[in-house]
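Structure first, commentary second.
The values are calculated or read from the model by the stated rules, or taken from the named source; none is laboratory data. What you see is a predicted model, and the numbers here were worked out from it, not measured in a lab. Heads up, the Cβs are rebuilt from the backbone with ideal geometry, glycines too, and the neighbour counts pull from every protein chain shown.
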Amino acid sequence: MCGIVAYLGDKEAEPLLLEGLRRLEYRGYDSSGIAVLNGGGLELVKKVGRIQQLERALASHPLHGSLGISHTRWATHGKATDINAHPHTDASGKLAIVHNGVIENYGVLKKKLAEKGYSFRTETDTEVLAVLIGFHFDTLDTETENRLEMAVMEALREITGTYGLVAIHQDQPGIMVGARRGSPLVLGIGPHEHFLASDVSAVAAHTQTVAHLRDFDVVTIDRNGYRLKSLTHNKAGLEISRIDYQAADTELGDFPHFMLKEIFEQTISIQNAVRGRLNIEESTAQLGGLNLTPQEIREIDRIVITGCGTAMHSGMVGEYIIESLAHVPVEVEWASEFRLRNSPLDRRTLVIAVSQSGETEDTLGALREARRKGHRVLGICNNVASTLARETDGGVYMYAGPEVSVAATKSFTSQAVIFLLLALLLGRMRFLSGTQGKEIIQAIEALPDQITQILKQSAHIRSIAEKYRKADSMLFFGRQMQYGIALEGALKMKEITYIHAEGHPTAELKHGIIALVDEDTPSVFLCPRDGAYDKNSNNMQQVRARKGPVIAVATEGDEEIHQHADDIICIPAAPEYVTPILSVIPLQLFAYHMAVILGRDVDKPRNLAKSVTVP
Ligand code: M6R
């Protein structure tokens, strides 16, 4: 978590850094700060709260200078306060760093530095790193040409943990040093200027030429260019690429919130996920990025899907889709659990890591663990230049465009449709007939129009949210393919409204959960017209018999549902394997409207960050 932007060029740094921070605010938003170097030395402003607080502070105390570093924080060590905000300085007050990651051995280092007489002002691990770099800087001869770079490298050799960091020092005023291990850092290269940032969105308005630092890279930037070194003596240079990034994609346009914009973008993002991937002639899917031969695809006899949060829920939907269409056994595991346990996988098991950002620490941990054990790992991810994309053996990009709101929406439906493509491919290589393949393709092609139909019910869904605005708790139920959607609906609700919400397999209701049912606790049932319809109807009646309000997500034209539910949201009739992609959308809208009604900060809910880059 946390976002970093640094600038060295011939323009004023402050407005560029602030603009970059606004684009990175999704990575953390409990405090922010800027430090610049100018003829007068190191100047620094940092503030608890959103970036507006920092802007206000800078309005009365502007920082001038064309070299600066900045940071937006998601607290790990130390509360969200002015003093704990980044940048952090060393004992001399001349060195400042911004850092994204966790210094695991900061306690030991702090003790050692304290024994040398250093004291600390904050509760953070980053201040310890700043003091350590400052200690090495002060130990080096003042004539040393690469003094800051050497001090950073010496300090990094002593630490364990993760970092994307940038350091500046008043005594080397034309230089900034960046380094990466575990947390992303991108070098943006423009004419007469360079940027370092946690992701390309912070630099894309100024340059399209970027290079992603690799673990253990250290880059030193001055007014003439940059120089790369590696803590592991890796001689490879940086791979420079051109980014195709439209800054407009991260702007709100006519929408009041990114979450609503991204919910409405799903008609398009679904098409982007499918484009060029259907082979109509052979009634199958083509997924070139898998880097697997047809023979290797046939040999897969088990799949393990792993991810966190919403990505994990899409994996649960993927499990049902792949097993029912391709008959390949699938297991889904939380990445945080998978990475720590000794899963007995064999050579023919394919591991699929799912992540919108491609930077989630637990998902990367799971993929590295699987690769360490010799398994082939594919990725499903949105961020093309992410760590996950670089470390997997192949995969499928979502091409959903930037997802800015902390609550994942369009990434979920894109992931689910990619599982559908994968199931089609695996199925057609096993036993699915051409006719069945064709039906699946038709169902996929119908999705954008069906999603448009659901989006038209936004006002109706808002009225249901109004009705239940006083609820303190909600229950979400789904069976089979809809179970992952129940979990996802509950996650959306709690994440952005702070209402307690639980998702369960519908039949579990009777095994304890029904004790929570009362007249103030709405239960949302996912009950499309499928094989489980009658069982679901019984469960809805059991809730209503106990005065619990029932909201049903049901199939259009289902008259019977009026006997079982107080409120109904319709989704178009569709084959069972595509209904999860449809039924999740009303739940996204339900949570969204409820959050707006309750006056929540929809796109930046409390305590959260978009990319969870700490374990
Ligand atoms: O970037 P990822 O897909 O790896 O993120 C995984 C989760 O952190 C994420 O889905 C989280 O649960 C969302 N905030 C849910 O809306």
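Using the structure shown, decide if Val384 is within 16 Å of the ligand (Cβ to nearest atom), under 27 Å from Thr497 (Cα atoms) and at pLDDT below 95.
no
Looking at the stretch 403-422, which of the residues that are among the β-branched types (Val, Ile, Thr) and near the ligand (Cβ under 8 Å from one of its atoms) is surrounded by the fewest Cβ atoms within 10 Å (Cβ to Cβ)?
Residue satisfying both the conditions and the ranking: Val406.
Is there a residue being within 16 Å of the ligand (Cβ to nearest atom) and surrounded by fewer than 24 Cβ atoms within 10 Å (Cβ to Cβ) anywhere in the stretch 339-354?
yes
Residue-wise test of (1) more than 15 Å from Glu323 (Cα to Cα); (2) without any contact (Cβ under 8 Å) to a residue 24 or more places away in the chain.
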{"residue": "Phe412", "(1), (2)": "yes, no"}
{"residue": "Leu422", "(1), (2)": "no, no"}
{"residue": "Leu432", "(1), (2)": "no, no"}
{"residue": "Thr452", "(1), (2)": "yes, no"}
{"residue": "Lys456", "(1), (2)": "yes, yes"}
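So Asp141 passes all but one of these: (1) of a type outside the set (Phe, Trp, Tyr); (2) within 20 Å of Asp215 (Cα to Cα); (3) outside any helix (DSSP H, G or I). Which condition number does it fail?
All conditions pass for Asp141, except number (2).
Could you check Ile322 against (1) surrounded by fewer than 24 Cβ atoms within 10 Å (Cβ to Cβ); (2) touching a residue at least 60 places away in the same chain (Cβ under 8 Å); (3) away from the ligand (no atom under 11 Å from the Cβ) and say which number it fails?
Looking at each condition in turn, Ile322 falls short on (1).
Identify all residues within the stretch 173-189 that are at pLDDT 95 or above and more than 30 Å from the chain's Cα centre (by Cα); write none if there are none.
Scanning the stretch 173-189 gives a single hit, Ile175.
What number of residues within the stretch 547-592 satisfy the criterion of being crowded, with 21+ Cβ neighbours inside 10 Å and either among the polar types (S, T, N, Q) or assigned by TED's automatic domain parsing to the domain that holds Ala416 (or both)?
Of the residues in the stretch 547-592, 3 are crowded, with 21+ Cβ neighbours inside 10 Å and either among the polar types (S, T, N, Q) or assigned by TED's automatic domain parsing to the domain that holds Ala416 (or both).
Among the residues of the stretch 599-615, how many are within 8 Å of the ligand (Cβ to nearest atom) and free of Cβ contacts under 8 Å to residues at least 40 places away in the same chain?
Looking only at that region, the number is 0.
Pairs under 8 Å by beta carbon, first residue assigned by TED's automatic domain parsing to the domain that holds Ala465 in the stretch 477-497, partner among the basic types (Lys, Arg) and assigned to a helix (DSSP H, G or I), six or more apart or different chains?
Arg479/Lys535
Do you know which residues across the stretch 364-381 are within 16 Å of the ligand (Cβ to nearest atom), assigned to a helix (DSSP H, G or I) and in contact with a strand residue (DSSP E or B) (Cβ under 6 Å, 6 or more places away or on another chain)?
Hits for the stretch 364-381 are Ala366, Leu367, Ala370.
Filtering the stretch 141-158 down to residues that are more than 13 Å from Ser92 (Cβ to Cβ) and modelled with pLDDT under 95, which residue is surrounded by the most Cβ atoms within 10 Å (Cβ to Cβ)?
Asn146
Take the stretch 454-476 and flag every residue that is part of a helix (DSSP H, G or I) and more than 28 Å from the chain's Cα centre (by Cα).
Within the stretch 454-476, Ala459, His460, Ser463, Ile464, Glu466, Lys467 qualify.
Just give me the residues in the stretch 305-319 being more than 9 Å from the ligand (Cβ to nearest atom) and touching a Ser or Thr at 6+ places or on another chain (Cβ under 9 Å), in sequence order.
The answer is Ile305, Thr306, Gly315.
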